[in-house]
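The values are calculated or read from the model by the stated rules, or taken from the named source; none is laboratory data. Because the structure is a prediction, the values reported are computed rather than measured. Methodologically, a virtual Cβ is constructed for each residue, glycine included, from the backbone with ideal geometry; neighbour enumeration extends over all protein chains shown. Surface areas here come from the heavy atoms of the whole protein model, side chains and all, with no ligands, DNA or RNA. Shrake-Rupley method; radii C 1.70, N 1.55, O 1.52, S 1.80 Å.
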Amino acid sequence: MCSNYRPTRVDDLAHFGVAPPQWHFDDRDAYPGSPAPMIYQPPEGGGWSCVAGTFGLLPVWAKERAIAKRTYNARIETVADKPSFRGAWHKRQVCIVPATAFYEPSYETGKAVWWRIARADGAPMAIAALWERKHWEDGVPSGSFTLLTVNAEAHPLMRRFHKLADEKRTVVVLDGKALDAWLEADSAEETRALLRPCADDLLVVSALGRL
């Protein structure tokens, strides 16, 4: 499961055809509870928009923002049923999270080693996500999001991560026409059809060191 990643630099958001959000972002990694950019189509219309969102979906019934530390990833197999995510899923509140890289641990050496995962062509990544919106206190984004994950047992790269006995999972990196299709999907069936591991050669990795 992806618990930290590097958001796309504000200057690079033009890659997605959106203006930067009216929010100051530090040039550092995002962790559950951190504010970070998300790109979505607001219900009120107006096309794609980039806004600030909390990493970790905050359902409308949440009383405390601390829940973000438990809702930063959503399994596609259970997203339609879990109380934290089912509202956003059934309303098809899909978004993309722009990222430069994300990080996962590998245990191939017997010890945990962090790896940086990025697009091979150096372009920003579009990670499939769900969003929610709720007013919080001043200084806190009203938007929030969770990264969707799928099984990666058959993926030659992403199956290398997480503990050896654990199920292998990956976030969904959208590419090409799949990006537009994701934001414009009209049904749960269309949405699910896009949730799969990316092409084998889309990503590259580099080791960062031990935990």
Being assigned to a loop (DSSP other than H, G, I, E, B), among the hydrophobic types (A, V, I, L, M, F, W, C) and within 21 Å of Phe55 (Cβ to Cβ) narrows it down to one residue among Leu183, Leu195, Leu164, Leu147; which is it? Leu195
Could you figure out which of (1) open to solvent by 30 Å² or more (accessible area, probe 1.4 Å); (2) touching a Phe, Trp or Tyr at 6+ places or on another chain (Cβ under 7 Å); (3) at pLDDT 95 or above isn't true of Trp61? (2)
Filter region 2-25 down to the residues that are in a loop (DSSP other than H, G, I, E, B) and open to solvent by 80 Å² or more (accessible area, probe 1.4 Å), then identify the one that is farthest from Thr54 (Cα to Cα). Arg9
Kindly provide the set of residues from region 66-79 that are hydrophobic (A, V, I, L, M, F, W, C) and open to solvent by 20 Å² or more (accessible area, probe 1.4 Å), ordered by number. Ala66
Would you confirm whether any residue within region 140-149 is surrounded by 19 or more Cβ atoms within 10 Å (Cβ to Cβ) and farther than 25 Å from Ile67 by Cβ? no
From Trp114, Trp89, Trp131, which residue is among the hydrophobic types (A, V, I, L, M, F, W, C), open to solvent by 20 Å² or more (accessible area, probe 1.4 Å) and in contact (Cβ under 8 Å) with a residue 12 or more places away in the chain? Trp114
If you check Ala120 against the conditions, is it at pLDDT 95 or above, exposed (fewer than 15 other Cβ atoms within 10 Å of the Cβ) and among the small types (Gly, Ala, Ser)? yes
